Amino acid sequence: MNKKSQILIGIIVVAIIVFGIWYLAPKENGEWRMENGESSDKNGESVVENPELIPVETEQFTKTYNSPNYHFSFRYPEGYTASAFGDFLPDGTEASTIVVQDASNLQGFQIRISPFDEDIDMTEERIRKDIPDLEIREAQVVELGTERTGLAFLSDNEAYGGASREVWFVFRGNFYQISTYASLDALLQQVLQTWQFE
């Protein structure tokens, strides 16, 4: 199976899982930029950017998630729960999903981890080559304390009410796709600042 197929299958699986988990949760429609304003979506319709970014207090990051299989950890806020489960890709290889969500409203973020046999920096050009129809806006290079860099970008993911924040990177033979509501950007940024690989 080629890389384009693996990435596309991964995205489809992520969308199905997120939709199933957060189907009844209230949806936010935000953007990455910190200032309020308007922009147009891909259909030319006006979109309100960042109606309300949810504030984050770092002192509330009292819990730690440790992954024994992938050897990383991160901190997350009190009141959130973290759960992990595995599944299999169509080619029989194992993948994992970690869901971290607020117990009161079931909103949070998801980490999808699947095998990847290229040791690359994830770039906008690479994603566009493999998935030309994927919406990518405001792409930025990110580092997570690794020798590899990843890509953070906004996308149109209906599982997150139409506006999602995505962070994708490759490390130690695995492809990481981190997704959340655009309005939870501040939360995800703070979580990623605590991320450590062993």
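No lab work stands behind these numbers, since they all come straight from the coordinates. Computed from a predicted model, the values in this text were never measured in an experiment. Don't worry about glycine lacking a Cβ; one is built from the backbone with ideal geometry, like all the others, and counts go over all protein chains shown.
Just a few scattered comments:
- Along region 87-99 the Karplus relation, 6.51 cos²θ - 1.76 cosθ + 1.60 evaluated at θ = phi - 60°, assigns HN-Hα couplings of 8, 10, 6, x, 7, x, 7, 8, 10, 9, 10, 10, 10 Hz to successive residues, with x for each Gly and Pro.
- Proxy reagent accessibility, fewest Cβ within 10 Å first, across 168, 195: 195, 168
- In order along region 144-158, the Karplus-derived 3J(HN,Hα) couplings, from 6.51 cos²θ - 1.76 cosθ + 1.60 at θ = phi - 60°, round to 10, x, 10, 7, 9, 10, x, 10, 10, 7, 8, 9, 9, 10, 4 Hz, and Gly and Pro are given as x.
- Cβ crowding within 10 Å, taken as a proxy for footprinting-reagent exposure, orders 197, 175 from fewest neighbours to most as 197, 175.
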